[in-house]
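Quick note: the coordinates plus some simple rules give every number you see, no bench work behind them. None of these values were measured; they are calculated from a predicted model. Every residue, glycine among them, receives a Cβ derived from its backbone with ideal geometry; neighbour counts consider all protein chains shown.
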Number of protein chains: 2
Amino acid sequence: MAGEDSAGREKAIKIGDRIEMKKQYLISPGPTPVPEEALLEMAKAIMHHRTPQFSSIFAECSAGLQELYKTSQPVLMLASSGTGAMEASIVNLFSPGETVLVVNAGKFGERWGKISETFGLKVEWLNVPWGQAVSPSAVAEALNRNPKIAAVLVQGSETSTTVAHPIMELAKLTHDKDTLIIVDGITSVGVVDMPMDGWGIDVLLTGSQKALMLPPGLAFIALSEKAWKKSKTVKQPKFYFDLARELKNQKEKTTAYTPAVSLICGLRKILEMLFAEGLENTYKRHDILARSVRAGTAALGLAPLAPDSPANSATGVFVPKGVDGGKLVKDLRDNYGVTFAGGQDDLKGKIIRIAHLGYFDTFDMITAISSIEMALAKHGHPVRMGEGVAAAQAVLNARYI
Amino acid sequence: MAGEDSAGREKAIKIGDRIEMKKQYLISPGPTPVPEEALLEMAKAIMHHRTPQFSSIFAECSAGLQELYKTSQPVLMLASSGTGAMEASIVNLFSPGETVLVVNAGKFGERWGKISETFGLKVEWLNVPWGQAVSPSAVAEALNRNPKIAAVLVQGSETSTTVAHPIMELAKLTHDKDTLIIVDGITSVGVVDMPMDGWGIDVLLTGSQKALMLPPGLAFIALSEKAWKKSKTVKQPKFYFDLARELKNQKEKTTAYTPAVSLICGLRKILEMLFAEGLENTYKRHDILARSVRAGTAALGLAPLAPDSPANSATGVFVPKGVDGGKLVKDLRDNYGVTFAGGQDDLKGKIIRIAHLGYFDTFDMITAISSIEMALAKHGHPVRMGEGVAAAQAVLNARYI
């Protein structure tokens, strides 16, 4: 328990000269905690993937994912992280030389642009200040100005800035055009309702390690009829991420290449848990947990990174002046045992991101806020103990009326 | 996740007409949470108990238990709950007709008396009001009054009232006499330092499901030389709990009857964890967690059940007038997902007992106090949110300086 466990996670806190046991709390926006129900499912003996037994599990997952996506289109499962599904979107839907509009509001918007450029696309960057959501009128204007734009590439929730983009409004802008709207829903699917068919989203993708409460290693992607049609015209080399080949296989309850068997077994359990909760209730839970963290951090005087369009996946807040955010996050992880995410690039050392997507409940949020209170005081910022917790509790009390 | 899992633990909270996922927190004084390191150890393939492989694990556990007990005597492992070890103390050490002094300060003191009477002993009851520790002078007086008293039977910590008895002082009273002192250390061993040889304790027993962070099913018992000597003169039928037979076997790294194999494998891991932390640090951790709960509940105006001699194993507090403690504990368990212990017998419905023995850390205590705050407010008691948490944090902050 002292020192580190086999995974390198420290299980002890050093107090002066002595060591005390500590527990680990993962409150970062991915990977997120995996429920023991899924862990135990994945710990069962591995099965072969070319068997009717696995095909039956696979088919259950396919059906469940369609229900989650609210789409009549197949939701394909890829053995990759979410970035693999982002690349799949690009290589299946665009030939070199085509133009895409990239909503660049953070690290993951930027990633859309980098992948597009890698595969020879022309990127029109729609730069949005970090912490803000893209405005539908800016997208509309860009589309009007350049009719060659073949697609809008955007995040449902930009995890680096904890902003939610207005996907429903953006989808309306491409609906009657040839333009596609491609949504990285990695920290949106399972967090907020994002009905693919109802909103007219052309590509919706996500990963396993966020609201789907699984370890990383699975990605999910669905294409609209319009997107599938366009994919047939695309000239772009692809093999592992060839979605037409996957579609052909997955319709037959199998995959083109070896699937991530145990993760898919875990996925079946997760989908069962989500449907038992009821998706609308899952979204309500995420909403109240998110609001509790916003209230708790506001009570501590921490300015929100995304005041106008905060995501329900995670809340980013600025650390107070005079506090080194990098040291704060490190101390919380290494001594308090609570792992948050810090800031990236320009925000490095300036923010702390508190997750509330996936397998989280009331007392995870209390742990988050109370640990931040304690660490802020230690790092020289005047905090009245319990003040943030009280504000979070005031929101969370509504769960128990 | 809605409804109950296979173990009957509800995994959902009902809010009006809807169901939301919830996590379960076990903050009762036994069983206590089992660390995943031990769970995984016990999930390994079961081994046969008459093998050198198991004997090696058994020997490691024996040595570790001696270190924990601070004794040169063998610490025997029994496949039973702690009550089995209480019975073993009686049937191995007393013939029918002998007199014992029972410190009756709660449910478990009372149990000493019941077991003694069952096996034909004469019980001299030393009744202590619930919530108070026995005074050494009262024991001294009883021993002087009745020289026939063959033993003092007492708890290290009386779990029903969360009182700590003054074992070191009591042991001094029997040291130069034939009288034995027999200590039920079920919620003391691993919580506070209780050096068996150093203090002159004649029998020290405990169970697996408390500070030893294991599931129930194992009990541990060690006898002083004085006790072993007396045991040879005792006329009392016994078979399963025949400690002389166990001693003979366990010296040979085996047991008289089938041992609880997987629990003993888990025990090896637990002892490894405790020694990595360092026993003195384990005791310090228990002390600070206990003080944080005392401070947190005091800040909420909850009167302590054991104001003068509180145990570091658990803290009992009275629920405020006008609040039904039974309903409060039930609501916390069924809706908030936080399981505490209520009161027994005369204290039924009047108290709540918050555990801090075993696999507990800072944020378990924050969860405990914050959930009580929220539930008290719901049950009509005026509570300022965050007030108890703040007081607990103020204590716990010392862990991170």
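Quick notes on this one:
- Relative contact order for region B:36-275: 29 percent, from Cα pairs under 8 Å spaced at least 6 residues apart, divided by residue count.
- A label point on B:His175, set 7 Å along the Cα-to-Cβ line, lies at 8.8 nm from each of its counterparts in the other copies, closest listed first.
- Volume per residue of the convex hull around the Cα atoms, evaluated for region B:36-275, comes out as 107 Å³.
- Expressed as a fraction of 2.2 N^0.38 Å, the value expected for a compact globular protein of N residues, the C-alpha radius of gyration of the protein assembly as shown is 1.10.
- Euclidean distance between Cα centres, region A:330-394 to region B:335-351, Å: 31
- Of the residues B:Ile369, B:Ser188, B:Gly207, the one whose Cα sits farthest towards the positive end of the charge dipole of chain B is B:Gly207 (charges of +1 on Lys and Arg Cβ, -1 on Asp and Glu Cβ, taken about the Cα centre).
- Calculated FRET efficiency, A:Phe239 to A:Phe119, Cβ-Cβ distance, R0 = 22 Å: about 0.95 to the nearest 0.05.
- Theoretical FRET efficiency, 1/(1+(r/R0)^6), r = Cβ-Cβ of B:Glu280 and A:Lys70, R0 60 Å, to 0.05: 0.55
- Principal-axis tilt of helix A:82-93 within chain A, Cα atoms, nearest 10 degrees: 20
- Size of charge dipole - the protein assembly as shown - debye, nearest 20, with Cβ of Lys, Arg +1 and Asp, Glu -1, no other charges: 460
- Potential extension, B:Ala303-B:Asp287 segment - 0.36 nm per residue separation minus Cα distance: 3.8 nm
- Ranked by how many other Cβ atoms sit within 10 Å of their own Cβ, fewest first, the residues A:His175, B:His286, A:His356 fall in the order A:His175, B:His286, A:His356.
- Against chain B, whose longest principal axis is taken from its Cα atoms, helix B:387-396 shows a tilt of about 50°.
- Ranked from shortest, the separations from the 7 Å Cα-to-Cβ label point of A:Pro216 to its equivalents in the other copies are 4.3 nm.
- Using C-alpha pairs under 8 Å with a sequence gap of at least 6, the mean separation divided by the residue count of chain B gives a relative contact order of 21 percent.
- In a reduced charge model with +1 at each Lys and Arg Cβ and -1 at each Asp and Glu Cβ, region A:36-89 shows a dipole moment near 200 debye about its Cα centre.
- Think of each Lys and Arg Cβ as +1 and each Asp and Glu Cβ as -1; about the Cα centre, that makes the dipole of region A:36-275 roughly 660 debye.
- For chain A, the alpha carbon positions stretch 65, 54, 42 Å along the principal axes, listed from largest to smallest.
- Averaged over B:34-40, number of beta-carbon atoms from partner chains that fall within 10 Å: 2
- Taking Cα atoms only, the orientation of helix B:362-378 departs from the longest principal axis of chain B by about 60 degrees.
- Reference-scaled alpha-carbon Rg (2.2 N^0.38 Å with N residues) for region B:38-180: 1.25
- The mean of 1/r over all distinct Cα pairs in region A:88-152, once inverted, gives the Kirkwood hydrodynamic radius of 11.9 Å.
- Among residues of chain B, the one whose beta-carbon sits closest to the B-to-A rotation axis is listed with its distance in Å as B:Gly386, 2.
- For B:Pro237, inter-copy label distances in nm, listed shortest first [label point 7 Å out on the Cα-Cβ vector]: 8.7
- Full extension of the chain segment joining B:Lys148 with B:Gln53 gains 29.5 nm, where the gain is 0.36 nm per residue of separation less the Cα-Cα distance.
- Given charges at Cβ of Lys, Arg, Asp, Glu: the protein assembly as shown dipole, positive-most of B:Leu328, B:Gly109, A:Pro237: A:Pro237
- Gap separating the Cα centres of region A:206-266 and region B:166-241, nearest whole Å: 63
- Nearest-0.05 FRET efficiency for A:Ser137 and B:Thr258, computed from C-beta distance (R0 60 Å): 0.20
- Convex hull volume of the C-alpha atoms in region B:228-347, normalised per residue: 236 Å³.
- Of the trypsin sites (Lys or Arg not before Pro) found in region A:162-233, those in coil by DSSP whose Cβ has at most 16 other Cβ atoms within 10 Å are A:Lys177, A:Lys232.
- Which of A:Phe239, A:Phe119, A:Phe220 has the fewest Cβ neighbours within 10 Å, and the rest in rising order: A:Phe239, A:Phe119, A:Phe220
- The order of B:Trp112, A:Trp130, B:Trp125, B:Trp228, going from fewest to most other C-beta atoms within 10 Å of their C-beta, is B:Trp125, B:Trp228, A:Trp130, B:Trp112.
- Per-residue ³J(HN,Hα) for region A:146-155, Karplus 6.51 cos²θ - 1.76 cosθ + 1.60, θ = phi - 60°, Hz, x for Gly and Pro: 10, x, 7, 4, 7, 7, 9, 10, 8, 9
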